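The values are calculated or read from the model by the stated rules, or taken from the named source; none is laboratory data. All values derive from a computational prediction rather than experimental measurement. Cβ coordinates were reconstructed from backbone atoms using ideal geometry, including for glycine residues, and neighbour counts include every protein chain displayed. Surface accessibility is based on the protein's heavy atoms, side chains included, excluding ligands, DNA and RNA. Shrake-Rupley method; radii C 1.70, N 1.55, O 1.52, S 1.80 Å.
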Amino acid sequence: KLAMEFPSEDIFLMTVSPVIKAITNFKQVSKALEEFDVEEQPSSLLEKRYPNIKVTQSGVKQLKSDEHKIFTEDGREYMYEKLCLCAGAKPKLIFEGNPYVLGIRDTDSAQAFQKNLAQAERIVVVGNGGIALELVYEIEGCEVIWAIKDKAIGNTFFDAGAAEFLIPKLTAEKQETPIECKRTKYTMEGSEKREGSVAASDKLGSALGPDWHEGLHLKGTKEFSHKVHIEILCEVKKIHLQQEFIQLQQTSLAFPKEEKSVEPDEVLWPVYVELTNGKIYGCDFIVSATGVVPNVKPFLDGNNFAVGEDGGLKVDKHMHTSLPDIYAAGDICTASWEPSPVWHQMRLWTQARQMGWYAAKCMAADALGESVDLDFSFELFAHVTKFFNYKVVVLGKYNAQGLGLDHELMLRCTKGQEYVKVVMQNGRMMGAVLIGETDLEETFENLILNQMDLSAYGEDLLNPDIDIEDYFD
């Protein structure tokens, strides 16, 4: 966007990665919902398309904001008039520096994971967000112990009801022909040749798009399909290497079987996970899918940035950080303006794209001395994705975030087909979760945006015999 607005200005893009992420097949599904694929492309394509963009493949070593200078790892320095920091976030590892702990967030780490999985008989997955959900669903032929700190799976996106709706899919044999997936296959050029060590996840790659697991063969060594055991309300207390575990003289547990009580394990594993509920499981390795932390470290030293509680660089409603001429967008930033009552920040691809586009708009407006209004995409939280092969749409305060006890939920569920939940407050719709092909997203989006009083409709709002779209067209 900046390159289009300022064709005669030089625009530098600094990135550690040899590829850039491009948005393709963009589709505006409704006013607030958008679908797109995330594709890796060589940076030369961007330079060809916009001659005023120069891509530098190097990490940033230091920022000197008072001098308006950036120093890169390869020893060069660059002066800037305006700077936008879009360095994303990195995986929040449960234990740093343990070779048996893999963090998954980017293409490189997904590749390392696939290599390890080929030899694995049992893994432990820790985390309860989107990546953990997808992983557990996609892995076949390998025992999975899934440790979550919540009562129900997928806590970031769902409530316990939606989790119950999805759980049968975990134990069902998967269809042999997976439903055609429209998004990207992830490959990194030359990554096969470059054997990275397991613990090389501190090298930051670019974040995965919504279908990162497509095209990765997530199959372990065993010949069965799904074997998942969920340990709820627990976290990892300690990780023991094999020798330490033998010295502990503790008992580890076999993979739980439905009919039997818990048995001790006869097998010796490379690594052992001790959970806060007292149970110990051996495994081949541990996948840490416990979310991300904003990647602010290279920029903080010597610069007085205001930082949010979640560790991101605070930005105002024009994407300015607290330092002059420096903007931030995407996972690295923390939205610090007074948000719309039905929007909240979440570190997702959709928001990263919207923020990047809007930050460029703000930088252009500032350079030209114009004013700019807060973008419409910040009016309503809206995200569409896929879990367990179901289409999933989340709108507004879909988990009643920040509404306290002053709200009610309405549900409609057809087993194996659809799950519809709306969050109501004072007769107005504040949020919704739609799983399956419900075709309700546009209607509900409008009802949340226009805050119409729906008290008169009562339970009929979700009555499947009433065509709700006709009411509110």
Point to revise | Tabulated pairs, region 422-442, first over 10 Å from G396 (Cα atoms), second of a type in the set (S, T, Y) and crowded, with 19+ Cβ neighbours inside 10 Å, C-beta under 7 angstrom, 6+ apart or interchain | key: I435/Y390; I435/Y419; G436/Y390; G436/Y419
Review point. Taking D366, is it of a type in the set (D, E, K, R), in contact with a helix residue (DSSP H, G or I) (Cβ under 9 Å, 6 or more places away or on another chain) and modelled with pLDDT of 90 or more?
Key: no
Check your understanding: In this structure, does P264 turn out to be out of contact with any Asp or Glu (no Cβ under 8 Å at 6 or more places or on another chain), under 30 Å from G59 (Cα atoms) and open to solvent by 10 Å² or more (accessible area, probe 1.4 Å)?
Key -> no
Check your understanding: Here are some conditions: (1) assigned to a loop (DSSP other than H, G, I, E, B); (2) without any contact (Cβ under 8 Å) to a residue 60 or more places away in the chain; (3) touching an Asp or Glu at 6+ places or on another chain (Cβ under 9 Å). S17 meets all but one. Which one does it not meet?
Key -> (2)
Point to revise | Qualifying residues in region 436-473 (those that are at pLDDT below 80 and either under 16 Å from K31 (Cα atoms) or among the hydrophobic types (A, V, I, L, M, F, W, C) (or both)) - the one surrounded by the fewest Cβ atoms within 10 Å (Cβ to Cβ) | key: D473
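Can you tell me how many residues in region 260-283 are in a strand (DSSP E or B) and of a type outside the set (S, T, Y)?
Residues flagged as in a strand (DSSP E or B) and of a type outside the set (S, T, Y) within region 260-283 amount to 8.
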**Study point:** Hits in region 239-252 (condition: open to solvent by 100 Å² or more (accessible area, probe 1.4 Å) and over 21 Å from V262 (Cα atoms))
**Key:** Q243, Q247
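Yes or no, residue by residue, for (1) open to solvent by 30 Å² or more (accessible area, probe 1.4 Å); (2) more than 23 Å from the chain's Cα centre (by Cα):
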residue	(1), (2)
I286	no, no
V296	no, no
D301	yes, yes
D310	yes, no
L323	no, yes
A359	no, no
F376	yes, no
Review point. Can you tell me which residue in region 31-57 is least open to solvent (accessible area, probe 1.4 Å), limited to those that are farther than 30 Å from F381 by Cα and small (G, A, S)?
Key: S43
**Study point:** Identity of the residue in region 140-153, touching a helix residue (DSSP H, G or I) at 6+ places or on another chain (Cβ under 7 Å) and buried (at least 22 other Cβ atoms within 10 Å of the Cβ), that ends up farthest from V420 (Cα to Cα)
**Key:** C142
Review point. Which of the residues that make up region 101-128 are buried (at least 19 other Cβ atoms within 10 Å of the Cβ), modelled with pLDDT of 80 or more and not hydrophobic (A, V, I, L, M, F, W, C)?
Key: G103, R122, G127, N128
Point to revise | Cβ-Cβ under 7 Å pairs, at least 6 apart or on other chains, region 300-312 side assigned by the TED database to the domain that holds S322, far side surrounded by 14 or more Cβ atoms within 10 Å (Cβ to Cβ) and basic (K, R) | key: A306/K314; V307/K314; G308/K314
